[in-house]
Amino acid sequence: MFTIVAPYIDFFTRSFSLGLDHYWRKRAVSLSGIKEGDRVLDLCSGTGELAFILADQVGKTGLVTGIDFCDNMITFAKKKKSDEYLNITFLSGDAKNVPFPDNSFDAVTVAFGMRNIPNTLSALQEIQRVLRPGGKFMCLELTQPENPWFLKIYRWYVFKIMPFISRLIMKTAAPFQYLPRSIQEFYQPETFKDIISSNGFSNITVRSITLGVATVYKAEKT
Ligand SMILES: C[S@@+](CC[C@H](N)C(=O)[O-])C[C@H]1O[C@@H](n2cnc3c(N)ncnc32)[C@H](O)[C@@H]1O
């Protein structure tokens, strides 16, 4: 599914979020506490949309490694990388088994990826392993709004409109039938906060943005 969607993902993400996805990523990075000079691992990096914002944040003295298990996504990420981004490396790899030693990053980030990993706990344990003590974990994820009126409009939009447009453009609705289902089936913010907390993290904050359509989780390795 990710291989099929890779050529279209930037267009769909920008259009379906009504341009808000870039703001969500920027807000998440500003809340993350990631600073100049940090070594950051960006999991489920896709075409690198978050990695480029992270690279600006860590500057020339920092390093960003973007990992995705879909080779097609990594190919698009590499194509988008201009010469000014010498501080980013994109690699193919699974978020549950990353090729780095323990304690090797100042921060690990995941944007719109956590709910796609079937075994959330093993991904969290891997994130905990590669972070240095005190290192930061930032997760930006799509969530369901709480306001019942807004939720009605939201559900019509994500369950009806998005798959319909997807079918018109990609000739398949499957990726955008999967997307709202995966948001609905993933942990609610307070539950996910407890799960993060039980897997070796502390100082956890949960910030809801755009009426709860997205949520930013921030935590530190204990
Ligand atoms: C919706 S995209 C998000 C891309 C990017 N983070 C962004 O902000 O646009 C989700 C990505 O997660 C990747 N992914 C899903 N499961 C993965 C796993 N177990 N390991 C690595 N990447 C994974 C998919 O290939 C896809 O590129």
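Summed over region 54-76, residues that are open to solvent by less than 60 Å² (accessible area, probe 1.4 Å), more than 9 Å from the ligand (Cβ to nearest atom) and either assigned to a helix (DSSP H, G or I) or under 12 Å from Pro7 (Cα atoms) (or both) total 4. When we screen Ile88, Ile117 for residues that are within 24 Å of Gly59 (Cα to Cα) and within 15 Å of the ligand (Cβ to nearest atom), the only hit is Ile88.
Determine which single condition Ala6 fails, assuming it passes every other condition in (1) near the ligand (Cβ under 10 Å from one of its atoms); (2) more than 26 Å from Gln128 (Cα to Cα); (3) exposed (fewer than 15 other Cβ atoms within 10 Å of the Cβ). All conditions pass for Ala6, except number (3).
Residue count for region 14-53 under the criterion of being polar (S, T, N, Q), in a helix (DSSP H, G or I) and near the ligand (Cβ under 9 Å from one of its atoms): the result is 0. Being in a helix (DSSP H, G or I), surrounded by 12 or more Cβ atoms within 10 Å (Cβ to Cβ) and either among the hydrophobic types (A, V, I, L, M, F, W, C) or touching a His at 6+ places or on another chain (Cβ under 9 Å) (or both) is the filter here; which residues of region 139-163 pass it? Passing the criteria: Phe150, Leu151, Val158, Phe159, Ile161, Met162. Note on region 32-51: residues that are without any contact (Cβ under 8 Å) to a residue 40 or more places away in the chain and crowded, with 22+ Cβ neighbours inside 10 Å total 1. Tallying residues that are more than 26 Å from Phe159 (Cα to Cα) and β-branched (Val, Ile, Thr) within region 1-59 yields 5.
Could you list, in sequence order, all residues of region 98-117 that are farther than 25 Å from Gly37 by Cα and open to solvent by 10 Å² or more (accessible area, probe 1.4 Å)? Passing the criteria: Arg115, Asn116, Ile117. Evaluation of Asp194 against the conditions (1) under 20 Å from Val110 (Cα atoms); (2) surrounded by 16 or more Cβ atoms within 10 Å (Cβ to Cβ) shows that the sole unmet condition is (2).
The values are calculated or read from the model by the stated rules, or taken from the named source; none is laboratory data. Please read all numbers here as calculations on a predicted model, not as lab measurements. A quick note on method: Cβ atoms are made from the backbone with ideal geometry, for glycine too, and the neighbour counts reach across all protein chains shown. Accessible surface areas use protein heavy atoms only, side chains included; no ligands, DNA or RNA. Shrake-Rupley method; radii C 1.70, N 1.55, O 1.52, S 1.80 Å.
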